[in-house]
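Peer 1: One structure coming up, written as structure tokens, with questions to follow.
Derivation of every value follows stated rules applied to the coordinates shown; laboratory data play no part. Note that this is a predicted model, so its numbers are computed, not measured. Ideal geometry is used to build each Cβ from the backbone, glycine not excepted, and the neighbour counts take in all protein chains shown.
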Amino acid sequence: MGNNAGLYALTDEHEAIREAVREIAEREIAPFAAEVDADSRYPVEAQKALTAAGFHATHVPEAYGGEGADAIATCIVIEEVARVDVSASLIPAVNKLGSVPVILSASEDLKQRVLPSIAAGEAMISYGLSEREAGSDAASMRTRARLEGDSWVLNGTKAWITNASVSEWFTVMAVTDPEKGANGISAFVVHRDDPGFAVGPKEKKMGIKGSPTCELYFTDCTIPADRIVGEPGTGFKTALRTLDFTRPTIGAQAVGVAQGALDAAVAYTKDRRQFGSAVADFQGVQFMLADMDMKIQAARHLVYVAAAAGEQGSPDVTRVSAAAKAFASDTAMQVTTDAVQLFGGAGYTQDFPVERMMRDAKITQIYEGTNQVQRLVIARSLLR
């Protein structure tokens with residue numbers, strides 16, 4: 001870890017961002033979180049509040065009308081929103097996921113066409129990589145794109161696309177040269193109004209119910225030829241590079257929901273009395289709370305180190321991003337499960353937020369690369 005020494009330090013600006021986002025989250029997002037979950041509805045209040053404050057896509061560079069915030073600042077925004085509602089934290093997180101391929105690899109013209117609308121909060125962008133038969137093995141995707149004159153024509157289906165029904169733009173991976181495997185995959189930007197494009201119905205999910213997850217259907221979907229992101233055949237490389245920059249944001253979600261669960265558990269155990277004293281007075285409970293806090297602190301630092309590694313072009317960015325995502329999400333699952341335990345019977349009811357947090361935390365171990373895939377990535381990096 002020596003080469004990561006002094007990799008990041010939180011600035012006064014970072015602390016100010018945390019304060020501002022926490023205030024917005026407590027006031028404008030938290031009051032609706034239970035209802036958003038119960039009704040499986042999109043958190044419009046959160047979108048309005050985050051957009052009004054410029055926290056919906058802080059990562060977009062200033063050249064395209066964005067805030068140009070660094071990666072740690074973006075993680076802080078996502079973390080503080082996830083502390084009260086993971087579904088709402090997917091607004092800034094998915095805007096980053098969908099747009100990083102464009103920022104990394106698109107032509108200047110395509111950047112100018114897509115990024116300003118995201119920076120302004122007029123549009124959101126989703127990311128289309130996974131398919132039903134190509135999840136962890138994303139390179140085996142079946143969606144195809146062929147060049148016809150001055151258009152690309154896409155055919156296929158994408159699955160589990162986060163925020164699909166509320167996004168205007170989609171970064172989509174498709175096979176342009178089936179002979180070449182991963183090197184025959186290209187990236188494209190599709191608009192919801194493009195002919196032959198449709199968004200499927202919402203999935204019924206265990207958690208993050210406020211974030212609509214849908215399939216994308218391409219039926220001779222025709223887009224202008226200049227909507228390809230980078231050169232043909234570079235799409236999969238772009239997808240993998242994107243994850244180096246976005247896996248820390250999933251780590252940030254995980255840290256946020258874990259922190260929210262710990263805060264709730266501390267308040268509840270101090271308040272709840274059994275055997276003539278506060279539950280928090282029992283050493284067994286205190287040790288659980290201490291373990292929860294230690295793991296959250298470790299996860300938070302690892303997430304910020306990973307964010308900084310991406311920012312600084314560190315050679316170990318892939319490994320540390322995978323580690324941050326896997327460690328933070330495993331921590332979130334453990335901490336939210338313990339929080340439910342500390343609430344006892346009440347924790348299993350919807351009267352308190354910890355059962356929702358436990359359900360929401362689960363997805364962080366699965367999306368943007370399952371934690372099994374993260375461990376493969378880390379091991380390969382070590383053994384190379």
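Peer 1: Regarding GLY284, is this residue on the phi > 0 side of the Ramachandran plot, over 22 Å from the mean Cα position of the chain (by Cα) and of a type outside the set (Phe, Trp, Tyr)?
Peer 2: No: the conditions fail for GLY284.
Peer 1: Restricted to the range 185-203, and to residues that are free of Cβ contacts under 8 Å to residues at least 60 places away in the same chain and touching a helix residue (DSSP H, G or I) at 6+ places or on another chain (Cβ under 6 Å), which residue is farthest from MET124 (Cα to Cα)?
Peer 2: ILE185
Peer 1: For the range 191-201, name all the residues that are closer than 15 Å to VAL94 by Cβ and either of a type in the set (Gly, Ala, Ser) or assigned to a strand (DSSP E or B) (or both).
Peer 2: If the condition is that a residue be closer than 15 Å to VAL94 by Cβ and either of a type in the set (Gly, Ala, Ser) or assigned to a strand (DSSP E or B) (or both), then VAL199 is the only one that fits.
Peer 1: I want to confirm something. Restricting to the range 55-71 and keeping residues that are of a type outside the set (Asp, Glu) and in contact (Cβ under 8 Å) with a residue 60 or more places away in the chain, which single residue is surrounded by the fewest Cβ atoms within 10 Å (Cβ to Cβ)?
Peer 2: HIS56
Peer 1: While we're looking at this one, here's another question. Tell me whether the range 305-314 contains one or more residues that are crowded, with 18+ Cβ neighbours inside 10 Å, outside any helix (DSSP H, G or I) and either touching a strand residue (DSSP E or B) at 6+ places or on another chain (Cβ under 6 Å) or not charged (D, E, K, R) (or both).
Peer 2: Within the range 305-314, one or more residues are crowded, with 18+ Cβ neighbours inside 10 Å, outside any helix (DSSP H, G or I) and either touching a strand residue (DSSP E or B) at 6+ places or on another chain (Cβ under 6 Å) or not charged (D, E, K, R) (or both).
Peer 1: So how many residues does the range 82-114 have that are among the polar types (S, T, N, Q) and within 16 Å of THR162 (Cα to Cα)?
Peer 2: Selection size over the range 82-114: 4.
Peer 1: From the set of residues in the range 42-86 that are out of contact with any helix residue (DSSP H, G or I) (no Cβ under 6 Å at 6 or more places or on another chain) and acidic (Asp, Glu), which is nearest to GLN253 (Cα to Cα)?
Peer 2: GLU67
Peer 1: I've got another one for you. Among GLU368, GLU355, which is the only one that is crowded, with 18+ Cβ neighbours inside 10 Å and not in a helix (DSSP H, G or I)?
Peer 2: Going through GLU368, GLU355 in turn, just one is crowded, with 18+ Cβ neighbours inside 10 Å and not in a helix (DSSP H, G or I): GLU368.
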